[in-house]
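These notes are about the structure you will find just below.
The values are calculated or read from the model by the stated rules, or taken from the named source; none is laboratory data. A quick note: this is a predicted structure, and the numbers were derived from the prediction, not measured. FYI the Cβ positions are ideal-geometry reconstructions off the backbone, even for glycines, and counts take in every protein chain you see. We work out accessible area using only protein heavy atoms, side chains counted, and drop any ligands, DNA or RNA first. Shrake-Rupley method; radii C 1.70, N 1.55, O 1.52, S 1.80 Å.
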Amino acid sequence: MASSQFLLLVLLLSVFSVSADVFVSLDCGSSEAYTDHETSIDWLGDADYVANGESHVVQSNNTISHVMDTLRVFTTRTKNCFLIDEIEKGEKVLIRASFYYGNYDGKSNPPSFALQFDGNHWASVTTMSDQLVYYETIYVVKGDYLTVCLAQTEENQFPFISALEVRGLDSTMYSHVDDNHALFLRRRVAFGSNKTIRNTDDPYDRIWAPGISGNSIETVTSDATTIDTSHGDQPPQQVLQNAISTNNSLNIISWNMNFLPIDNVIYMNMYFSEVTQLDVNQTRSFRIFQDTESISDPILPPYEDFIQMYVSNLTVSPSTIFSVVRTTNSTLPPLINALEIFTIGNALTDGTNSQDVETLISLQKEFEVLQGWIGDPCLPSPFTYDWINCSSSDPPRITALYLSKFNLSGSLPDFSSMDALETIDLSNNNLDGPIPDFFGTLPNLKELNLANNKFTGPVPASLSNKNGLTIDTSGNSDLCSSSDESCQNNDSSSPGSDQPATGSTKNNNKNNKKKKNNLPIILGTTIPAFLLVWAIVGIFAILHYKNKRATTSLVNPGQISGGSTPFVDRVQMSENFEKHPEVAAHDHENSTNLAPLLLR
């Protein structure tokens with residue numbers, strides 16, 4: 001698959017090696033490595049992970065944390081990417097990208113742009129003047145690396161990034177969604193907590209925002225010394241240490257989905273842990289409702305353990321309401337400790353055609369100027385590399401190379417396996433050596449521009465005889481016509497060709513085919529015996545002519561002329577919605593139980 005083909009990128013960037021348990025934290029725009037002592041996170045500068053961009057510092061009156069004080073902005077190229085290496089193929093990862101504008105450019109104009117990973121669309125980022133915006137995705141990596149890209153979508157609005165974090169997850173976590181789909185975080189809440197919970201309390205460094213209490217909601221704290229968190233999606237114990245409940249057993253706990261602007265397919269986790277050892281005459285039992293429909297069996301949260309209920313591949317609308325509702329035989333009100341809500345993405349791409357990608361790598365190896373382009377060359381559409389065109393097929397093929405004025409020098413590597421190419425423009429560079437014969441083997445090639453380089457020798461016969469091909473070889477002063485004596489003497493691979501090597505031509509080999517078809521007839525004619533002597537004389541004459549022409553070619557060679565805890569305060573989750581799910585208590589009548597979902 002193409003997703004395993006960008007191994008060149010390992011050579012292009014000196015990437016810091018990480019262990020199999022990936023934990024990479026990049027302070028974008030920073031050149032220093034340091035430890036945030038409050039979270040115990042080791043931060044690195046990002047220069048070894050990206051080949052482009054400029055470092056900037058937010059205005060001093062807008063600083064919110066050391067991590068958010070710097071950023072990297074991209075003012076050139078359509079798409080710019082970060083490469084994280086030493087990711088094992090098939091590993092499940094959490095990636096978090098953070099953006100804090102901080103009026104770094106003094107324009108008070110926070111930009112919008114596209115965020116991508118491994119050739120997939122991630123989010124349309126809308127940054128804010130004085131709030132941190134972050135996006136998070138969980139997915140299974142298809143190669144031994146991952147890329148995160150930012151692409152410009154609005155004129156004069158330049159993409160930037162403040163922090164990029166990658167965390168390896170246990171393979172059993174978030175496993176109720178097909179591995180070929182990514183999860184995009186919308187909410188992660190620790191109800192009852194008065195602070196943000198993350199590393200080191202959560203070894204996977206998920207960010208659990210504190211929940212919001214409503215008028216009928218109260219916080220309850222567990223008196224359990226330890227809580228088993230080794231199963232399910234492994235919420236940290238600190239998340240389960242607190243919960244919210246109602247102060248009236250008739251009330252319910254509910255949250256709406258109005259932070260989703262349109263209908264979405266979601267994956268949602270709900271975590272429940274009893275906060276105290278119940279007496280024999282106490283019971284806490286509740287169901288989960290979607291609007292007025294029960295979607296669970298009765299849930300009895302365990303003490304010193306937890307039950308995780310999930311819903312997956314469920315389509316919800318902005319008006320959908322989920323509720324935790326006490327059952328009729330429960331003596332205690334409902335509770336909930338934590339909640340995670342994700343939207344489920346489309347199927348992950350396998351990337352650009354692997355054959356094309358491998359061949360493109362050979363070009364990047366040969367020419368240093370091309371090595372700044374990282375990520376999938378064609379995907380997501382329309383954010384291709386600036387110097388290629390791609391087909392709309394699945395997988396996409398590379399159909400054009402536009403490398404004019406790229407200051408390429410030296411000889412060309414063989415990229416004949418890129419056989420979907422229709423246009424190749426290599427004009428106005430410093431390429432030298434003979435024109436590669438493989439150009440003539442490209443079945444779809446219609447336009448080849450080699451003008452203003454330093455190619456030498458003749459135009460290969462494979463190009464001269466190719467139907468429907470327009471060639472421009474002007475400006476290569478050391479090219480010669482294959483009909484010239486020097487070309488015939490120095491290039492035996494294309495004898496007898498009468499195709500000139502100068503200027504722009506469109507080849508048609510029909511006449512040549514007619515001449516070749518006559519040749520066997522001539523050679524097949526019987527020679528009369530009385531002409532044998534004259535034939536011998538003719539052979540000597542031909543040999544004398546060839547020796548004379550070889551001597552002449554040495555004298556007159558043919559020439560053709562031409563020319564710290566950054567996420568506690570002022571955090572805005574993706575899509576510019578409120579920080580946390582709205583939690584409200586409402587009176588609700590019990591409804592009948594319908595299809596239950598899997599519980600633990």
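Computed quantities for the displayed model
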quantity	calculated
Conditions (1) out of contact with any Ser or Thr (no Cβ under 8 Å at 6 or more places or on another chain); (2) open to solvent by 10 Å² or more (accessible area, probe 1.4 Å); (3) closer than 23 Å to LEU370 by Cβ: number failed by ASP118	(1)
Within segment 13-52, considering residues that are open to solvent by less than 20 Å² (accessible area, probe 1.4 Å) and among the polar types (S, T, N, Q), the one modelled with the lowest pLDDT	THR39
Filter result for ASN180 (at pLDDT below 95 and open to solvent by 20 Å² or more (accessible area, probe 1.4 Å))	no
Complete set of residues in segment 395-438 that are in a strand (DSSP E or B), open to solvent by 10 Å² or more (accessible area, probe 1.4 Å), within 13 Å of LEU363 (Cβ to Cβ) and not small (Gly, Ala, Ser)	TYR402
Residues located in segment 205-221, provided they are of a type in the set (Gly, Ala, Ser) and surrounded by fewer than 20 Cβ atoms within 10 Å (Cβ to Cβ)	SER213, GLY214, SER216
Options GLN290, GLN282, GLN234, GLN241: the member that is in contact with an Asp or Glu (Cβ under 7 Å, 6 or more places away or on another chain) and of a type outside the set (Ser, Thr, Tyr)	GLN234
Residue within segment 448-466 that is of a type in the set (Val, Ile, Thr) and within 27 Å of SER354 (Cα to Cα) present	no
All positions within segment 96-115 that are open to solvent by less than 10 Å² (accessible area, probe 1.4 Å) and over 12 Å from the mean Cα position of the chain (by Cα)	ARG96, ALA97, SER98, PHE99, TYR100, TYR101, GLY102, PRO111, PHE113
Residue within segment 194-203 that is over 27 Å from the mean Cα position of the chain (by Cα), under 18 Å from PHE342 (Cα atoms) and either open to solvent by 20 Å² or more (accessible area, probe 1.4 Å) or modelled with pLDDT under 95 (or both) present	no
Among the residues listed as GLN157, GLN152, GLN131, the single one being in contact with a Pro (Cβ under 7 Å, 6 or more places away or on another chain), farther than 20 Å from PRO203 by Cβ, open to solvent by less than 50 Å² (accessible area, probe 1.4 Å) and of a type in the set (S, T, N, Q)	GLN157
Residue satisfying all of: in segment 353-390; among the acidic types (Asp, Glu) and outside any loop (DSSP other than H, G, I, E, B); surrounded by the most Cβ atoms within 10 Å (Cβ to Cβ) among these	ASP356
